[in-house]
Amino acid sequence: MSMSVGQYGASGAELILNAGIKQIEAAQSDVAWQSSQGTISSSIAGLGSNRQAALTLSPKLSELNSYQNNISIVQNRLSLGSTAFTQITDLAQSLNTMLLNMTSSEGGSTTATNAAADSAQKGLSTLGTILNTSDGSSFLFAGHDTAAAPVTSPSGLSSSTLAQTISKQLSGLTDTNSDTIFQQATTASADNSTAMSVFSPALSVSADDATTLRATAVIGPNDNIITTAPVATEGGQASATSTGSPIRDLMRDMMLMSGMKGMSTTTPGFTKLVTQMHSSLSQTINQLIDMNTSMGVTQNTLSRQKGIFSSVTLMVKTQLSNNLDANLAEVATRSSDLNLQLKASFSLIADTKNMSLADYL
């Protein structure tokens with residue numbers, strides 16, 4: 001009578017072979033992951049001695065990516081801001097050329113003055129629109145409150161309470177009070193009351209205070225913070241002839257200019273006021289250029305910083321790669337070996353099931 005070995009010692013051999021097969025299949029699963037994903041393991045636990053490197057370098061890489069992302073956002077905002085300030089400066093220079101011409105008898109004729117006033121009136125709407133420039137998610141020149149438009153009504157600037165007040169002041173121009181008229185217009189332009197200000201409540205503050213409202217972004221370790229763009233109403237110390245804010249001074253001069261319809265060089269105090277406005281606007285243009293230049297310097301600084309971070313990121317990625325990436329040539333060889341081992345194991349199991357006690361002995 002023939003008896004199957006499986007009834008005696010073969011069952012123990014099968015258990016050992018089955019356990020070995022499970023180990024091979026688990027190893028094949030790891031190899032499949034390495035082959036498809038290119039990394040040693042799908043989990044931190046499977047990294048072995050490389051685990052500490054992954055735990056240290058992965059957060060560093062994430063941090064570097066965040067810094068570079070913030071820099072890209074700031075660079076985009078600064079680029080848009082620089083373009084906007086170039087447009088504002090061009091607008092101011094165009095109006096200043098008109099003012100210079102208005103000091104001559106021909107350029108200061110009623111017809112020429114009316115044309116200049118119309119240009120200034122249209123320019124006010126353009127200025128308001130530029131100041132409300134957005135990067136698609138926030139207003140560039142709004143300071144901390146990026147959701148609020150800096151200018152409440154760009155199209156309504158020429159008919160605002162401020163414009164009407166300045167026009168009324170201008171109607172009292174005489175040979176002896178042009179300085180007073182200019183100072184009154186300056187005071188009205190610096191008025192931050194709800195009734196008078198054309199800017200958002202957040203920006204209806206002094207030029208000095210507005211400067212502290214600049215939006216910021218973290219672009220490096222150790223709280224390396226940078227401003228993303230100037231504030232519409234920012235500036236320096238106010239005086240009798242300046243609000244302290246280049247934008248507000250520009251707006252004041254444009255409102256004065258738009259209120260000069262019907263005037264000419266024969267109007268008492270006209271030439272003196274135009275000369276004063278020309279001098280003021282020249283100073284404003286220089287301030288606008290300085291602000292734009294400052295944005296350019298910041299952009300250059302960010303470009304250098306981003307280049308440094310790119311180099312560091314590449315180094316970290318290389319270190320991570322050395323610790324995490326699988327050697328695909330070795331993976332292919334190991335996969336082939338595992339397949340052979342698996343086939344051999346299944347073959348052994350098949351053979352043991354048909355063995356008799358005599359064969360086993």
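Criterion applied to SER282, SER264 was being outside any loop (DSSP other than H, G, I, E, B), over 26 Å from ALA148 (Cα atoms) and either of a type in the set (S, T, N, Q) or more than 31 Å from the chain's Cα centre (by Cα) (or both), and the one residue passing it is SER282. Of all residues in the stretch 108-133, exactly one satisfies the criterion of being surrounded by fewer than 15 Cβ atoms within 10 Å (Cβ to Cβ) and of a type in the set (Ser, Thr, Tyr), namely THR111. ILE225: at negative phi, open to solvent by less than 50 Å² (accessible area, probe 1.4 Å) and not in a loop (DSSP other than H, G, I, E, B), yes or no? When the stated conditions are applied, ILE225 does not pass them.
Scanning the stretch 225-256 for residues that are of a type in the set (Val, Ile, Thr) and within 13 Å of SER204 (Cα to Cα) returns VAL231, THR233, THR243, ILE247.
Comparison of LYS306, LYS317 shows that the only residue that is farther than 26 Å from ALA207 by Cα, modelled with pLDDT of 80 or more and surrounded by 13 or more Cβ atoms within 10 Å (Cβ to Cβ) is LYS306.
The values are calculated or read from the model by the stated rules, or taken from the named source; none is laboratory data. Here the structure is a predicted model, which means the values were calculated and not measured. Note: ideal-geometry Cβ built from the backbone for every residue, glycine included; neighbour counts use all protein chains shown. Heavy atoms of the whole protein, side chains included, go into the accessibility calculation; ligands, DNA and RNA do not. Shrake-Rupley method; radii C 1.70, N 1.55, O 1.52, S 1.80 Å.
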